């Protein structure tokens with residue numbers, strides 16, 4: 001990440017486009033992803049992982065999917081869900097900490 005100083009004296013971190021993965025979405029032509037875009041992308045990936053695990057589980061019950069594929073998909077979905085919960089907890093904790101600050 002490359003850091004710069006904004007006019008208000010706050011450090012701003014941006015990611016050069018040359019190191020972004022091809023699948024990364026750049027919001028409204030900006031050089032770096034916004035925090036909201038990153039969260040939306042992470043949430044979409046987590047939901048897709050959960051959806052895939054659910055579909056493979058149903059296919060496994062019907063005998064149409066290999067047991068290993070089902071287990072891999074469910075484990076991946078579990079890890080994605082745990083990461084999403086950890087991120088949510090950190091955001092809530094940060095919000096509570098900021099709300100307790102004196103003005």
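Read-outs throughout are calculated quantities, based only on the coordinates presented, and are distinct from any laboratory measurement. On a predicted model such as this, the values are computed, not experimentally measured, just so you know. Don't worry about glycine lacking a Cβ; one is built from the backbone with ideal geometry, like all the others, and counts go over all protein chains shown.
Couple of notes before you dig in:
- Over the range 34-103, equivalent-ellipsoid semi-axes from the Cα gyration tensor in Å: 36, 11, 7
- Label-point gap, in nm, between residue 91 and residue 69 - each point 7 angstrom along Cα→Cβ: 3.3
- For peptides 50-59, 86-95, sequence by mean Cβ density within 10 Å, most packed first: 50-59, 86-95
- FRET efficiency estimate (nearest 0.05) - Cβ-Cβ, residue 43 to residue 99, R0 25 angstrom: 0.60
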